[in-house]
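Below is one structure, written out as structure tokens, with a few remarks after it.
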Amino acid sequence: MIKITFPDGTTKDYKKGITSLEIAEQINPGLAKEVYVATVNGEIYDLSRPLYNDSTLKLHKWDDEEARHAFWHSSAHLMAEALESLYPGIKFGIGPAIENGFYYDVDPADDTVITEADLPIIENKMKELASLNQIFTRKEVTKKEAFDLFTKKGDEYKTELINELEDGTITLYSSGNFIDLCRGPHLPSTGSVKAIKLTSIAGAYWRGDEKRKMLTRIYGITFPRQKMLDEYLVILEEAKRRDHRKIGKELELFSFSPKVGMGLPLWLPKGADIRQNLIDFLTRLLKKHGYKIVATPHIGNVNLYKLSGHYEKYGSSSFQPMSTPQEGEQFMLKPMNCPHHCEIYNVTPHSYKELPVRLAEFGTVYRYEQSGELHGLTRVRSFTQDDAHHFCRPDQLREEFKKIIDLILYIFKILNLNDFTAQISLRDPDNKEKYIGTDENWDKAEQDIISAAGEKNLITTVVRGEAAFYGPKLDFMVKDAIGRKWQLGTIQVDYNLPERFDLSYTGSDNQRHRPVMIHRAVFGSLERFIAVLIENTAGKFPLWLAPEKAVIIPVSDKFNDYALKILQILNNSDICTLIDDRSEKLGKKIRDNELKRIPYLLIVGEKEVENNTVSIRKQGDGDKGNMTIDEFVSFIKEEINKELSL
RNA sequence: GCCAGAGUAGCUCAGGGGUAGAGCACUUCCUUGGUAAGGAAGGGGUCAGGGGUUCAAUUCCCCUCUCCGGCUCCA
């Protein structure tokens, strides 16, 4: 007998060699149908794998990530089996589960091209195979056995993977006619896969290396019930409706023109208004927090970037330098503002008493991004950073860092951005040549970031190898409507530029000292930040950000004069208001302006003229009754004040 | 940059080797209305651009540009 300990601490004895599935069945036959995989002594097991020793056991249902992971991983195998029967000779790369579903990288034989049109056919084959309810069988093999099997099969990608594995840990899984190198675990059988949708198809380099062959990656998702798939597809559709590219077009916020150039956003009046509202808001806040606003040119001498190290690092993958016709001087579009700010710092001598110096700029920068990488406003070639550089004494670094965390959290809170993650990016210890600066400085900077984040109780993930080339950083990331992760706010410690620009201050000992620099941005870039705001709000911006606060709708033409009178009062009170005096019915005008996400509609007719009022309709919230104009003006101002204070 | 798909009116899209279509938007007229679509008429297109095949190309083929989905990259 063996003793099994359940998550609630209870224990029970079972005969040796029992499987998790059998245990589940004994607890409750219904439960057995809902569990997909088990954690045994902290290791994930197939339900059908026998248990020989005393163990802790946790059974995973769909709500556990472990269960979905196994479900989708098994689905990847199912798809592979379908592909193998539809495309004889097809070779397989890797086929993992991902956050939502799974993919498999494949290499069809000869010149076969799999396109989107083929997906339903593959889907149907998968459904056919799933209905056979084939058992997943696990088999431990030696390295040689595995190698021989896939060599015989001609699967060179698999043999490459096997070569890198340690002998004694290799397992194969088979289901139906398909056998795969796989760590597992898997579902007991394919029958629980009831709903299948192959979502997209794309190219992917083998092992993520652009020098190697590009395989065909097929993405899909599966569920144990059709209803769950239907719900998932509805959520996907809704997300697409929030896509900032779509809403940006609908609401006329921004545009792109091939004549201007790809990845170069054109801000239309309404989008520019939102942008300006953000700039005004942040500028006021920064001044309160001891920042000085500066402004620098859009280009800089090539030697500036040679000094900063950017040229050496990124010169060849940047917009290339331009030359002056007579003198032959070389200038670059500025890819970042920091070198300029260093030179501003250097204009005057500094005493330890005046540090930290905080220089801020809404600086437009230009970066070459590969054409295939551009994406709406989130990935562009020209964007405006809400950039700032803090020059501080080493002893001030941690406090300063914490203050910036506070500032970022404050602004995220005001804008209701609750769904972000914080990531500490450190350098890759195995690739130190990718970075500039000494080991001592890197170690110190990394420690400072980790402890500052810790002292702020920030929940962070730590990723090695993601640091900037000049220093480690703390990034605030959010997801967009289609699940892509983007970096917004960032705080980066930098010991390197102060060296390169020979920055200094005079200490209390009357000696020359080197300041530490912090690069930081709250929004990251206005472009990316507004994209995220659009998707978070679905275009229903908070009142203070909305480009147009209200539209006056006369019930009929007879009341246009009154409407115009109100329009003037509101616009004189700095409440941007429009009038919809089209000869349309009231219902039509309300509908059109609701769809434009106008925060307030002011309906005026006979009653309003008589009482000198407006009838208020709040966006998405219907009729809110009547107010006098003065009441409405203070009502609006109060709402904006409320939005901007915590 | 790489792989795959797409580009038809301002927008969303249908169509298809032989006068170019719809809805919305726009213009004009009728309607003058009370909280999410009133009616009629009209204007609007080098079917992304360039080459080819053909008696004939918006449709088929090739190239370029742009966009969409990924990959790689991302100071």
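The values are calculated or read from the model by the stated rules, or taken from the named source; none is laboratory data. All figures in this text were calculated on a predicted structure; none of them were measured in a lab. Here the Cβ is made from the backbone with ideal geometry for all residues, glycine too, and neighbour counts use every protein chain on show. All accessible areas refer to the heavy atoms of the entire protein, side chains included, with ligands and DNA or RNA removed. Shrake-Rupley method; radii C 1.70, N 1.55, O 1.52, S 1.80 Å.
Consider A:Y14 against the criteria (1) surrounded by fewer than 17 Cβ atoms within 10 Å (Cβ to Cβ); (2) of a type in the set (F, W, Y); (3) more than 21 Å from A:Y173 (Cβ to Cβ): it satisfies all of them except one. Which criterion is unmet?
(1)
Which of (1) open to solvent by 90 Å² or more (accessible area, probe 1.4 Å); (2) more than 15 Å from RNA strand B (Cβ to nearest atom); (3) within 24 Å of A:F319 (Cβ to Cβ) is the odd one out, the single condition A:P269 does not satisfy?
All conditions are met except number (3).
For segment A:424-461: of the residues being farther than 18 Å from A:K402 by Cβ and β-branched (V, I, T), which is farthest from RNA strand B (Cβ to nearest atom)?
Filtering first and then ranking leaves A:T438.
Please go through segment A:334-387 and give me each residue that is among the polar types (S, T, N, Q) and open to solvent by 50 Å² or more (accessible area, probe 1.4 Å), ordered by number.
Those that are among the polar types (S, T, N, Q) and open to solvent by 50 Å² or more (accessible area, probe 1.4 Å): A:N346, A:T348, A:Q370, A:S371.
Please specify each residue of segment A:307-322 satisfying the condition of being away from RNA strand B (no atom under 11 Å from the Cβ) and crowded, with 16+ Cβ neighbours inside 10 Å.
Answer for segment A:307-322, where residues must be away from RNA strand B (no atom under 11 Å from the Cβ) and crowded, with 16+ Cβ neighbours inside 10 Å: A:L307, A:P321.
Restricting attention to segment A:489-510, does a residue exist that is within 27 Å of the chain's Cα centre (by Cα), at pLDDT 95 or above, closer than 28 Å to A:T283 by Cβ and among the charged types (D, E, K, R)?
No, that holds for no residue.
Can you pull out every residue in segment A:550-598 that is within 28 Å of A:R241 (Cα to Cα) and away from RNA strand B (no atom under 12 Å from the Cβ)?
A:A550, A:C576, A:T577, A:L578, A:I579
Check off (1) within 13 Å of RNA strand B (Cβ to nearest atom); (2) open to solvent by less than 20 Å² (accessible area, probe 1.4 Å) for A:F476 and give me the number that stays unchecked.
The one condition A:F476 does not meet is (1).
Just for segment A:209-228: of the residues that are outside any loop (DSSP other than H, G, I, E, B), open to solvent by 20 Å² or more (accessible area, probe 1.4 Å) and within 13 Å of RNA strand B (Cβ to nearest atom), which one is nearest to A:D64 (Cα to Cα)?
Filtering segment A:209-228 for residues that are outside any loop (DSSP other than H, G, I, E, B), open to solvent by 20 Å² or more (accessible area, probe 1.4 Å) and within 13 Å of RNA strand B (Cβ to nearest atom), the one nearest to A:D64 (Cα to Cα) comes out as A:Y219.
Quick check, is A:Q330 surrounded by fewer than 18 Cβ atoms within 10 Å (Cβ to Cβ) and more than 12 Å from RNA strand B (Cβ to nearest atom)?
Spelling it out, A:Q330 is indeed surrounded by fewer than 18 Cβ atoms within 10 Å (Cβ to Cβ) and more than 12 Å from RNA strand B (Cβ to nearest atom).
When you scan segment A:128-147, do you find a residue that is surrounded by 19 or more Cβ atoms within 10 Å (Cβ to Cβ) and either among the β-branched types (V, I, T) or within 16 Å of RNA strand B (Cβ to nearest atom) (or both), even just one?
No.
Mind checking whether some residue in segment A:268-279 is in a helix (DSSP H, G or I), among the basic types (K, R) and farther than 27 Å from A:G376 by Cα?
no
Take segment A:39-62 and flag every residue that is aromatic (F, W, Y) and open to solvent by 60 Å² or more (accessible area, probe 1.4 Å).
The answer is A:Y52, and nothing else.
Identify, by number, the condition in (1) touching an Asp or Glu at 6+ places or on another chain (Cβ under 8 Å); (2) more than 23 Å from A:R512 (Cβ to Cβ) that A:S317 doesn't meet.
(1)
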